[in-house]
1. For the range 87-102, what are the residues that are under 29 Å from residue 149 (Cβ atoms) and either part of a loop (DSSP other than H, G, I, E, B) or open to solvent by less than 40 Å² (accessible area, probe 1.4 Å) (or both)?
2. Of the residues 80, 58, only one is in contact with a Lys or Arg (Cβ under 8 Å, 6 or more places away or on another chain), of a type outside the set (D, E, K, R), free of Cβ contacts under 8 Å to residues at least 60 places away in the same chain and in a loop (DSSP other than H, G, I, E, B); which?
3. Give the range 115-134 a look and list any residue that's part of a loop (DSSP other than H, G, I, E, B) and either of a type outside the set (Ser, Thr, Tyr) or surrounded by fewer than 12 Cβ atoms within 10 Å (Cβ to Cβ) (or both), or say none.
4. With the requirement that a residue be over 23 Å from residue 156 (Cβ atoms), of a type in the set (Gly, Ala, Ser) and free of Cβ contacts under 8 Å to residues at least 24 places away in the same chain, what does the range 100-143 give you?
5. Residue check, residue 152 against (1) within 26 Å of the chain's Cα centre (by Cα); (2) without any contact (Cβ under 8 Å) to a residue 12 or more places away in the chain, all met but one. Which one?
6. Hey, any hits in the range 157-172 for a residue that's assigned to a strand (DSSP E or B) and closer than 15 Å to residue 121 by Cβ?
7. When the range 35-76 is examined, which residues are found to be polar (S, T, N, Q) and within 14 Å of the chain's Cα centre (by Cα)?
8. Quick one: residue 174 ticks every box in (1) at pLDDT below 95; (2) surrounded by 14 or more Cβ atoms within 10 Å (Cβ to Cβ) bar one, so which box is it?
Amino acid sequence: VGEATLNFTAGMLNEQKLKKMVSEASSVVYCAGFDKNIEGEGFDRPFSLPKSQIWMMNQIAALGAKVNVVVNAGGAVNFNGWSDKVASVLMAWYPGQEGGTAIAEILSGKVCPSGKLPISMEDKWEDNPVFKSYYDKNRRVEYSEGVFVGYRGYDRNGLKPRYPFGYGLSYTSFEYSDLQVEKNNEGVNVSFSIKNTGKCD
C-alpha cells in the first residue's frame, strides 16, 4: 500500500509572443532536464527528456535562434532528435545552490568550461552495457555485465558511445609537446608538456 499522486498541467503557447521574443534575442538559453517528480531516489527515470521540452527546443531552433541547452540530469539522456538543431549543450547535472552562478559564468565566457564527463553517454539506451541485464519480465536485476560497465562495456561490445568518458570542449586551445612513452615493470609511463595557446584562462 502506498500513495498515488496525479499531476495535471494545462497551458497555451502564445506563438506570436514566442516568435517576437526569439527574433529579438541574439541567442537563447533553454534549461532542460528532470525535476523531483521524474528523477529521484528509489525509482527509475526515462532516458529521454520530456516530450514537451524536446518539442519546444525544436520550435525555438526552427525560428532561427541560436539555442544553447543546459541539461539538468543525474545521468545520460537521449540526445537524438534535438541536439543536432542546437548550438551547444552544457551538461549541468544537479549543481546545487551556486549552480546558477557557475552556469552563468560559463555561458557568458567569464570562465572556461573545464569540467569533463565523468561517465560515458550512450547514443541510445539499448547501447548501455547494462541494458540486457537491467530488468526482465520478473523485474529482476542480474548484474550479468560484471565489471564490464562504462568504458569497459563499450570496449567489449564494440560500441561507440555518443560522448566518451572525459569528453568536454573548451573556449581555448592547447598545444601538446615533448611526448614520451616509456615501458616499465608496471606498464607504461606517459609524459608530455601542455600549453594554453588560446585567449581564455
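1. Matches in the range 87-102: 90, 91, 92, 93, 94, 95, 96, 99.
2. 80
3. Matches in the range 115-134: 115, 116, 117, 118, 119, 122, 123, 124, 128, 129, 130.
4. Across the range 100-143, the qualifying residues are 100, 102, 104, 108.
5. For residue 152, the exception is condition (2).
6. yes
7. Correct list: 48, 68, 72.
8. So residue 174 meets the others, but not (2).
The values are calculated or read from the model by the stated rules, or taken from the named source; none is laboratory data. Note that the structure is predicted; figures quoted are calculated from it, not measured. No Cβ is skipped: glycine too gets one built from the backbone with ideal geometry, and neighbour counts run over all protein chains shown. Heavy atoms of the whole protein, side chains included, go into the accessibility calculation; ligands, DNA and RNA do not. Shrake-Rupley method; radii C 1.70, N 1.55, O 1.52, S 1.80 Å.
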